[in-house]
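The values are calculated or read from the model by the stated rules, or taken from the named source; none is laboratory data. All figures in this text were calculated on a predicted structure; none of them were measured in a lab. In this analysis, Cβ positions are derived from the backbone assuming ideal geometry, glycine residues included, and neighbour counts consider all displayed protein chains. Calculation scope for accessible area: heavy atoms of the full protein, side chains included, ligands and nucleic acids excluded. Shrake-Rupley method; radii C 1.70, N 1.55, O 1.52, S 1.80 Å.
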Amino acid sequence: MILRMSTLFLRTLREDPADAEVPSHRLLVRAGYIRRAAPGIYSWLPLGWRAYLNVERVVREEMDAAGFQEIHLPALLPREPYERTGRWTEYGDDIFRLKDRKGNDYLLGPTHEEIFTLLVKDLFSSYKDLPLSIYQIQWKYRDEPRPRAGIMRGREFSMKDSYSFDVDDAGLVASYTKHRDAYISTFNRLGLDHVIVTAMAGAMGGSLSEEFLTPTEVGEDTFVRCTSCDYAGNTEAVEVPVPEAMPYDGLPAAHVEDTPDTPTIETLVNLLNSQEKLRRDDRPWQASDTLKNLIVKLVHPTGESELLAIGVPGDREVDEKRLGAQVYPATVEATTEEDFAANPALVRGYIGPDVLGEDKAAKVRYLVDPRVVAGTRWVTGANEPGNHVVDLVAGRDFEADGTIFAAEIREGDPCPRCGSSLTIARGVEIGHIFALGRKFAEALDLKVLDENGKQVVVTMGSYGIGVSRALAAIAEKNHDDKGLIWPREISPADVHIVATGKNAEPFEVAEKLAAELDARGIRVLLDDRRAASPGEKFNDADLIGVPTIVTCGRRIVDGKVEVKDRRTSERIDLPIAEVVDHLVEVCAS
RNA sequence: CGGGGAGUGGCGCAGUUUGGCAGCGCGUCGGCUUUGGGUGCCGAAGGCCGGGGGUUCAAAUCCCCCCUCCCCGACCA
């Protein structure tokens, strides 16, 4: 089929839309691919829909090749299954809810574990039916608190979600691995570089979970990657290499020093360096010589709350995301005046290990950064206003109840795998795979008979690819200042033919070329507008981003047309008779 | 939910400080002109100035209340 600009349902914009910030959003709107219908909700125009369907097609082909079977579930779902797994409540405000005329509750599916599980339960009941992997490509709905960046993070978005069903753990691992491999080849084919980072399973429960992130400046996830090995990880999941314990023979004994008005690390370090008797001979005191102890409040799912003391080197902040991931499923709340009032052993600004620990004065569990190993020396609070203790040695003078990876990760920190330095990057999550285990099968009572005739709970995996988001990510990394530059497989057309001139001839040649290319299976976008000026057409072609642009214009008198590579801007003039073969070749490579 | 910005023809914006005929560019429609990088000229259509209330002879403009959108953060399979 030939798309004709003269009749295409398209309006390109000369100016950037006011509400678009990131390049993919800006260009997709300007080039007439999408239009905003409501916050975080977009309509797809002909070019956009074609590009979108191409992403879908690639994903579908890769899933089918891996042996997964496509099905299609409703987007509008009844409340009951979500009630049974607890997610009707857990999802909170993030879910779009509605009622039917009888007053029954429905929701627009944010994800489909429950429905897939029930469908399998409906049909299968024997271990002989497993393993099974099924998937769908469906629009999902989440009432995000803040949709942003166009289709990158919308409230309606399309997702390919697969679910695997196995009788045992070994089967689950095999299914998980198969999906992982299929994802790698899918993203490779989409031209999306990706790093695979281990993720916290979060609300999904389960044991193993990995995210596929594609690096981009506009990404909303930060991750770390190693500058020399291929390690990559979520900042919230990166583990800190634990140093060897050191001997502490010969270290000076701990001694309490008078340090008035030093409630912060900065004031403390300044004071240590400014007072003659506190100064060290070898080097000045630094924030990293201090041990900062802070108190947070954990709220457990049961509703009980508990104070927790965390000790980190004084030059580091506690990263709330990392902390949250470490204490999951408990959540972290700020401590209040009342919490301190109720526990007079905690002297704010001067909290030290002496009172910390479940069996110590403050009766607060005490977890320290893994770098606080036996033999390390610290300056830390002496539990009295204006006093700090110096040369307090871990392992000799105090013991924590355990360690916690809550301190922030910084550029240059050592790689947990190879020890060289880490760098921090931004990315967007384009895929996520979970070994769910039996959480959903148990809640919904999905069991099969095993070879001994006994009922066993099925173990599941769930695997998602953000399809519409992948399109945004592709646009994000395939554009220049003039417009989009599609990879051929995603492009709404293979060749964009532009006819210019006041005579009929270039238009006739363009028509003829379009027809011949179409007959050879090349997808053609033909700019046959007679009224539009050449500049307008060239600019539109650059904006729309079809990878190959053919101009039938002034060279037509020499029997030639111009073929331009959108990405490299390389142009060549070719005789009309040769151009079709040439283009077929270009499109095949 | 916290911080910041903004709501004015289809799109992008000025006008609000200091109240006085609602403007500009693009787009659209008609006519002529032009055809290798958004051609030029002439003419035209198109407005609840986010909503409600108030002040005033007079409100896009001042006051009060509300709504919405965008960005940063929190949140987020």
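A few notes on this one:
- Each peptide among A:541-551, A:296-306, A:481-491 gets the average number of other Cβ atoms lying within 10 Å of its residues, and from highest to lowest they stand as A:541-551, A:481-491, A:296-306.
- Cut-off under 5 Å, modelled amide H: who pairs with residue A:403 long-range: A:368
- Legend: distances between Cα atoms for A:321/A:477; A:99/A:439; A:128/A:178; A:297/A:439; A:128/A:447; A:140/A:160; pairs beyond 21 Å are A:321/A:477; A:99/A:439; A:297/A:439.
- Leading residue at positive end of dipole, chain A (Cβ point charges), from A:252, A:176, A:340: A:176
- Helix A:169-189 and the longest principal axis of the C-alpha atoms of chain A enclose an angle of approximately 50°.
- Evaluated over chain A, the Cα radius of gyration and Dmax, each in Å: 30.6, 96
- Near the amide H of residue A:70, within less than 5 Å, lie the amide hydrogens of A:135, all on another chain or at least 5 residues away, with H placed in the peptide plane.
- Put simply, when A:253-263, A:436-446 are sorted by average Cβ atoms within 10 angstrom per residue, most first, you get A:436-446, A:253-263.
- Per the Debye calculation on the stretch A:493-588 with a single equal scatterer at every Cα and no solvent contribution, log₁₀ I(q)/I(0) for q = 0.13, 0.22 Å⁻¹ amounts to -0.36, -1.14.
- Point-charge dipole on Cβ atoms (K/R +1, D/E -1) for the stretch A:311-395, about Cα centre, debye to 20: 280
- For the stretch A:451-536, the normalised intensity computed at q = 0.10, 0.13, 0.25, 0.27 Å⁻¹ comes to -0.47, -0.64, -1.18, -1.23 (log10 of I(q)/I(0), Debye sum over alpha carbons, equal scatterers, no solvent).
- Based on C-alpha pairs under 8 angstrom that are at least 6 apart in sequence, the stretch A:131-190 has a relative contact order of 36 percent.
- Cross-link partners of residue A:502 among lysines, defined as those whose alpha carbon lies under 24 angstrom from its own and excluding same-chain residues fewer than eight positions apart: A:512, A:537, A:560, A:564.
- Accessible area of the stretch A:493-588 belonging to carbon and sulfur atoms, whole % at 1.4 Å probe: 49
- Bins of 10 Å from zero: percent of alpha-carbon pairs in the stretch A:255-403: 11, 42, 34, 11, 2, 0
- With contacts taken as Cα pairs under 8 Å at a separation of at least 6 residues, chain A carries a relative contact order of 18 percent.
- Note, ³J(HN,Hα) from phi for the stretch A:103-116, Karplus 6.51, -1.76, 1.60, rounded to Hz, x at Gly and Pro: x, 6, 7, 10, 9, 8, x, x, 4, 10, 3, 4, 6, 4
- The string of couplings for the stretch A:402-418 from the Karplus curve (6.51, -1.76, 1.60, θ = phi - 60°) is x, 10, 8, 8, 10, 6, 4, 9, 10, 3, x, 5, x, 5, x, 8, 10 Hz, one whole number per residue in order, with x for Gly and Pro.
- Once C-alpha pairs closer than 8 Å and six or more residues apart are averaged by separation and normalised to the residue number of the stretch A:255-403, the relative contact order reads 26 percent.
- Sequence-ordered 3J(HN,Hα) estimates for the stretch A:55-61 from the Karplus curve with 6.51, -1.76 and 1.60 and θ = phi - 60° stand at 5, 3, 4, 4, 4, 4, 4 Hz, glycine and proline given as x.
- Note on the stretch A:255-403: with charges restricted to the Cβ of Lys and Arg (+1) and Asp and Glu (-1), its dipole about the Cα centre is near 340 debye.
- Ratio of Rg to Rh over the stretch A:125-254 (Cα coordinates, Kirkwood Rh, two decimals): 1.11
- Using Cβ point charges alone (K and R +1, D and E -1), the dipole size of chain A about the Cα centre works out to roughly 2240 debye.
- On a per residue basis, chain A carries 46 Å² of accessible surface, using protein heavy atoms and a 1.4 Å probe.
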